Structures are given as C-alpha cells and as structure tokens.
1. Among the helices (runs of 4 or more DSSP H) lying completely within segment 217-280, list those that include at least 3 residues that are β-branched (Val, Ile, Thr) and out of contact with any strand residue (DSSP E or B) (no Cβ under 7 Å at 6 or more places or on another chain).
2. Within segment 293-306, how many residues are surrounded by 21 or more Cβ atoms within 10 Å (Cβ to Cβ) and more than 11 Å from Glu268 (Cα to Cα)?
3. So which residues in segment 193-209 are assigned to a helix (DSSP H, G or I) and either within 14 Å of the ligand (Cβ to nearest atom) or of a type outside the set (A, V, I, L, M, F, W, C) (or both)?
4. Of Gly150, Gly183, Gly143, which residue is closer than 30 Å to Glu90 by Cβ, of a type outside the set (Ser, Thr, Tyr) and either part of a loop (DSSP other than H, G, I, E, B) or more than 16 Å from the ligand (Cβ to nearest atom) (or both)?
5. Is segment 156-164 home to any residue that is more than 16 Å from the ligand (Cβ to nearest atom), touching a helix residue (DSSP H, G or I) at 6+ places or on another chain (Cβ under 9 Å), in a helix (DSSP H, G or I) and of a type in the set (Val, Ile, Thr)?
6. If the Cβ limit is 8 Å and pairs must be 6+ apart or interchain, which residue in segment 176-201 that is under 26 Å from Arg316 (Cβ atoms) and of a type outside the set (A, V, I, L, M) pairs with which residue that is within 16 Å of the ligand (Cβ to nearest atom) and part of a helix (DSSP H, G or I)?
7. Would you check which residues across segment 124-133 are surrounded by 13 or more Cβ atoms within 10 Å (Cβ to Cβ) and in a helix (DSSP H, G or I) and list them?
8. Among the numbered conditions (1) more than 13 Å from the ligand (Cβ to nearest atom); (2) farther than 23 Å from Pro242 by Cβ; (3) buried (at least 17 other Cβ atoms within 10 Å of the Cβ), tell me where Ile63 comes up short.
Amino acid sequence: MTVCGIWIAAPHSRHSAPRLLLRRRAAILAAMDDRTHSHAGAEDAAVRGLDGVIRHDWTRPEIQALFELPFPDLIFHAQRIHRLHFDPREVQISTLLSIKTGGCPEDCAYCPQSAHYDTGLKADKLMEVDAVLAEARAARSAGASRFCMGAAWRSPKDRDLEAVCTMVEGVKALGLETCATLGMLTEPQAQRLKAAGLDYYNHNLDTSPEFYGDIISTRLYRDRLDTLEHVRGAGERGALDPFEFVRTIAVARIAMPASVVRLSAGREDMSEETQALCFIAGANSIFYGPKLLTTPNPGRGHDLALLDKLGLVPMR
Ligand code: SF4
C-alpha cells in the first residue's frame with residue numbers, strides 16, 4: 001500500500017483555511033529534510049535538484065531556491081522532469097466519494113465536516129457497502145480508473161474498518177484502483193487495509209509544524225507522520241496569485257518526480273488557463289465528478305471537454 005500522491009487544493013477553495021496555499025508551500029518545505037543549515041548556496045542547491053532523480057534528502061534552501069527560479073525556468077524544468085517519469089498527455093481520473101460525512105471530532109479549521117463548527121452540514125452514518133459499490137460502478141462507467149473513499153473520522157473504529165475493508169474488496173473486484181482517507185491508523189489497521197486490497201492511502205499533512213496549532217488543536221503534526229509511517233510500513237480566504245499556485249505544482253513535481261500530483265478541491269474556481277498551466281507544470285491527476293466530499297467540483301462533461309481541448313487523455 002502506497003501513500004497517495006500529493007493533493008493540492010486551489011487558492012479559492014470554498015473551504016480553504018486562511019492562506020491555505022502558503023501553508024501548503026510550508027508543508028512541502030516541512031516535508032523535506034529539515035536541514036536548514038545547508039552549506040550549499042541557493043543557486044547551486046537548486047541546480048543539484050534539477051536532474052529528476054528521486055530523492056528523500058531535500059533541504060529547505062533547495063526547495064526555497066526552486067520557488068525563486070524565474071517562472072519560465074521553473075515551468076520548463078518541471079515539464080522536463082515530468083516527462084522523465086510520466087506520459088505528459090495522460091491525466092489520472094479519480095473519483096472521490098464521502099462514505100461517512102460530517103460529525104468529525106477533529107477541529108481542522110478548513111473543514112466543514114468538523115463537529116466543532118456550525119456549517120449547516122448534516123452528519124451521516126457510514127454508507128452501506130452496496131451503495132458504495134453502486135457509486136464505484138457509476139464512476140467506472142464514467143471513465144474513472146481510481147476510486148477514493150473518504151470518511152470524516154479522527155481514526156476508524158475496528159468495526160467500521162471491517163465494513164471499509166469489504167468496500168475495498170468490492171471496488172477492487174470491479175477493476176478499479178482503490179484509495180482511502182479515513183484519518184489516523186494504527187499499524188494493524190494499515191495492515192488490515194492492505195490485506196483487503198487497498199492500493200493507496202491519503203493522509204494530509206495539512207501544514208508545517210510551525211503553523212500546526214493555527215489550523216488544528218486536536219492532534220499533533222507528529223500524529224500525522226506516525227500514520228504515514230504505518231502506511232508505508234504496510235477566517236480569511238486570501239486571494240492568491242494563480243502563478244504562485246502553479247509554482248507550487250512545479251516545485252512539487254521537481255521535488256517528487258515520480259509522484260502523482262493531483263489537483264483537488266477548488267478547481268471549480270480556477271480558470272481553464274490556470275488548470276492548463278498546472279498540467280504543464282507537472283500536475284497529472286484530477287478528482288472527477290461533481291462533488292468532493294462536501295465541496296463542489298467541475299462537472300464531468302466540463303472536465304472531459306477541457307482535457308480534449310488540451311489534447312490530454314485519461315491515464316490507464
Ligand atoms: Fe475534516 Fe478530516 Fe479534519 Fe475531520 S480530520 S475535521 S474530516 S479534515
């Protein structure tokens with residue numbers, strides 16, 4: 001089971017946290033090796049990162065240097081590195097279903113599903129297995145190759161996990177890749193999901209350790225890292241410059257050359273031109289379907305028309 005490719009929410013996402021994108025950037029910086037005292041100069045550091053080799057030892061100065069490259073240089077390198085690892089015409093089509101909506105005990109400041117905020121969202125119980133499989137069949141018919149199931153939990157109870165495992169087995173039997181985001185997992189729970197056939201697990205880092213208390217008080221950054229290790233072992237909405245968003249995609253592509261980079265919440269508010277730049281900068285996955293958990297998403301027809309205009313095709 002693999003940690004799902006990174007998801008990047010767009011700047012105008014209706015449920016974005018304050019300065020969400022800058023915090024995504026902080027998260028990318030924080031996810032790298034925290035060796036802030038590299039002896040290499042910024043330019044040298046960036047040059048050393050432009051060969052497209054998969055690395056796990058990025059430093060903050062190296063990532064910062066990438067962000068500071070002239071925009072055309074950054075996009076050129078991101079696109080060149082993208083081509084080393086992926087077919088540049090292919091975009092992965094994923095469908096996301098909320099299998100358990102609302103009532104979450106966590107207090108993530110950006111999330112309408114948190115029970116700490118009055119967002120008008122009605123909390124639902126875990127969906128029945130048959131209903132989930134019907135949605136998966138519909139997603140497959142509409143062209144999706146991956147089906148992601150999201151539940152608003154701090155962490156799954158073992159009885160709920162068994163139901164999710166049945167869903168995973170059923171979705172897998174339909175020939176779809178399976179992905180889940182269920183909150184924090186213990187090591188045995190991660191192993192159980194893997195045994196059921198789960199291909200990918202998404203677990204957002206949310207932001208960097210420095211900002212963590214501003215966004216979430218009910219868990220620690222370390223808790224998120226612990227779950228990622230288990231999986232591997234088995235107010236204000238700032239209007240951000242779209243070029244800053246594209247830069248973030250490009251830096252993610254250069255820093256994680258072989259990872260799938262997905263545009264997630266907020267695409268409904270992005271222009272087609274911005275999305276096209278994101279694809280050029282190395283994004284190669286979208287969530288497909290009119291709703292992302294609780295957030296509106298572009299309609300399927302609109303997305304297929306955009307891919308067609310750009311000469312892009314669904315990844316198989
Ligand atoms: Fe929302 Fe997930 Fe945070 Fe719960 S853990 S409040 S569902 S983002």
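A short reminder: the numbers here are calculations on the coordinates, not readings from a lab. Computed from a predicted structure; not experimentally measured. Backbone-built Cβ (ideal geometry, glycine too); neighbour counts: all protein chains shown.
1. Details: elements: 221-233, 242-255, 272-280.
Where helices (runs of 4 or more DSSP H) fall fully within segment 217-280 and carry at least 3 residues being β-branched (Val, Ile, Thr) and out of contact with any strand residue (DSSP E or B) (no Cβ under 7 Å at 6 or more places or on another chain), they are 242-255.
2. Counting residues in segment 293-306 that are surrounded by 21 or more Cβ atoms within 10 Å (Cβ to Cβ) and more than 11 Å from Glu268 (Cα to Cα) gives 1.
3. Lys194, Pro209
4. Details: Gly150 fails: either part of a loop (DSSP other than H, G, I, E, B) or more than 16 Å from the ligand (Cβ to nearest atom) (or both); Gly183 fails: closer than 30 Å to Glu90 by Cβ.
Result of the check over Gly150, Gly183, Gly143: Gly143.
5. no
6. Pairs that qualify, where the first residue is under 26 Å from Arg316 (Cβ atoms) and of a type outside the set (A, V, I, L, M) and the partner is within 16 Å of the ligand (Cβ to nearest atom) and part of a helix (DSSP H, G or I), are Tyr201/Val231.
7. First, the residues of segment 124-133 that are surrounded by 13 or more Cβ atoms within 10 Å (Cβ to Cβ): 124, 126-127, 129, 132-133.
Answer for segment 124-133, where residues must be surrounded by 13 or more Cβ atoms within 10 Å (Cβ to Cβ) and in a helix (DSSP H, G or I): Val129, Val132, Leu133.
8. (2)
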